[in-house]
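Every read-out reported here was derived from the displayed coordinates using simple, explicitly stated rules and does not represent laboratory data. Owing to the predicted nature of the structure, the values given are computational and were not obtained by experimental measurement. FYI the Cβ positions are ideal-geometry reconstructions off the backbone, even for glycines, and counts take in every protein chain you see.
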Amino acid sequence: MDHLKQLIREVPDFPKPGINFYDITTLLKDRDGFHETIELLKDHYAVKPVDVVVGIEARGYFFAPAMALALGAGFVPVRKPGKLPYQHRSVEYALEYGSDSLEIHADAINPGQNVLIIDDVLATGGTASAVAKLVEMLGGRVSGLGFVIELSFLPGREKLKNYDLFSLVKY
């Protein structure tokens, strides 16, 4: 996956000093790189049952609808609070300093549906773990969690060890 890694721009000291931000916009704009990213994720999950692909706001929205299309599945957005117009379920999760929450429509996933969760980056695993809880709260089964980038020096994989986790590029 080194060629995909070369398409991801590393921005030092963003959003604050000492943080390296991995900018996927350079991957998205590359027609071949974006296509290959979706194909590689699809190839991993094509052998698993997937009824719905959940995308995590905001950058997960770049990949999740494309994955839903590639797998012949539906797409469900998970949003930040106050963005969904209908009845919803919420989950709160811990951040390094404080907490945050995410929401999903109450009727977005039917009991027993197989759900693939897609996001751009796996870091600490807090957000992805919260989304898995939302899916399970609605009765869905998490088929897997797919990421374009995994920050392997952070504990995300350990936090999600009970799920099928797949990432394309590791830092």
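Modelled spin labels at HIS3 and ALA46, positioned 7 Å past Cα toward Cβ, are 1.8 nm from each other. Looking at the chain alone, DSSP beta bridges between its own residues are antiparallel in about 35 percent of cases. Here the dipole of the chain is about 220 debye; that uses its Cα centre as origin and unit charges on the Cβ of Lys and Arg (positive) and Asp and Glu (negative).
When a/c is below 1.5 the answer is rounded, else prolate if a/b is larger than b/c, else oblate, so apply that to region 1-94 with a ≥ b ≥ c taken from the square roots of the Cα gyration tensor eigenvalues. Before the final figure, lay out each step's value.
On the way: a/c = 2.37, a/b = 1.12, b/c = 2.11.
Note, shape of region 1-94 comes out oblate.
Spin-label pair SER152-TYR171: with each label point 7 Å from Cα along the Cα-Cβ axis, the two points sit 1.4 nm from one another. Each residue of region 44-57 was assigned a 3J(HN,Hα) from its phi angle through the Karplus curve 6.51 cos²θ - 1.76 cosθ + 1.60 (θ = phi - 60°); the sequence is 5, 9, 5, 8, 10, x, 9, 9, 9, 10, 9, x, 9, 4 Hz, with glycine and proline shown as x.
Calculate for the chain the 222 nm mean residue ellipticity that helices alone would give, adding -39,500 (n - 2.57) per DSSP H run of length 4 or more and normalising by residue count, nearest 500 deg cm²/dmol. List each step's numbers first, then the result.
Numbers: 6 runs with 52 residues, N = 171.
Taking each H run of at least 4 residues, the total per residue is -8500 deg cm²/dmol.
Given LYS48/LYS159; LYS5/LYS29; LYS80/LYS133, which pairs have Cα atoms separated by over 18 Å?
On the way: LYS48/LYS159 22 Å; LYS5/LYS29 14 Å; LYS80/LYS133 15 Å.
Cα-Cα > 18 Å for LYS48/LYS159; rest within.
Which of the peptides 46-59, 9-22 is most tightly packed, and how do the rest follow, judged by the mean count of other Cβ atoms within 10 Å per residue?
Numbers: 46-59: 18.5, 9-22: 10.6.
For the peptides 46-59, 9-22, the packing ranking is 46-59, 9-22.
Which of rounded, prolate, oblate describes region 125-171, given a ≥ b ≥ c as roots of the alpha-carbon gyration tensor eigenvalues and a/c under 1.5 marking rounded, otherwise prolate only if a/b is larger than b/c?
Numbers: a/c = 2.53, a/b = 1.90, b/c = 1.33.
It is prolate, given that a/c is not under 1.5 and a/b is the larger ratio.
Using 0.36 nm times the number of residues separating ASN162 and LYS133, minus their current alpha carbon distance, what extension gain do you get?
On the way: separation 29, 0.36 × 29 = 10.44 nm, distance 1.23 nm.
Result for the pair: 9.2 nm of gain on full extension.
Residue by residue, region 2-14 carries 3J(HN,Hα) couplings of 4, 5, 5, 4, 5, 8, 9, 7, 9, 10, x, 6, 10 Hz when phi is fed to the Karplus relation 6.51 cos²θ - 1.76 cosθ + 1.60 (θ = phi - 60°); x denotes Gly or Pro. With θ taken as phi - 60° and the Karplus curve 6.51 cos²θ - 1.76 cosθ + 1.60 applied, the whole-hertz 3J(HN,Hα) list for region 78-94 is 9, 10, 6, x, x, 9, 8, x, 10, 3, 9, 10, 10, 9, 9, 9, 7 Hz, x standing for glycine and proline. Close amide-amide hydrogen proximity is noted between GLY140 and GLY112, each under 5 Å apart and 5 or more residues distant or on a separate chain (H modeled in the peptide plane; Pro and chain starts excluded). With K and R counted +1 and D and E -1, the other residues having a Cβ less than 11 Å from that of MET1 yield a net charge of -1.
Using the Cα gyration tensor of the chain, with a ≥ b ≥ c the square roots of its eigenvalues, what is the shape: rounded (a/c below 1.5), prolate (a/b larger than b/c) or oblate (neither)? Don't skip to the end; give the middle numbers.
Values: a/c = 1.69, a/b = 1.21, b/c = 1.39.
Taking the square roots of the gyration eigenvalues as a ≥ b ≥ c, the chain is oblate.
For VAL76, which sequence-distant residues (separation of 5 or more, or a different chain) have an amide H within less than 5 Å of its own amide H, given hydrogens modelled in the peptide plane? Those qualifying (amide H under 5 Å, at least 5 residues apart or on another chain) are VAL53, VAL54, GLY55.
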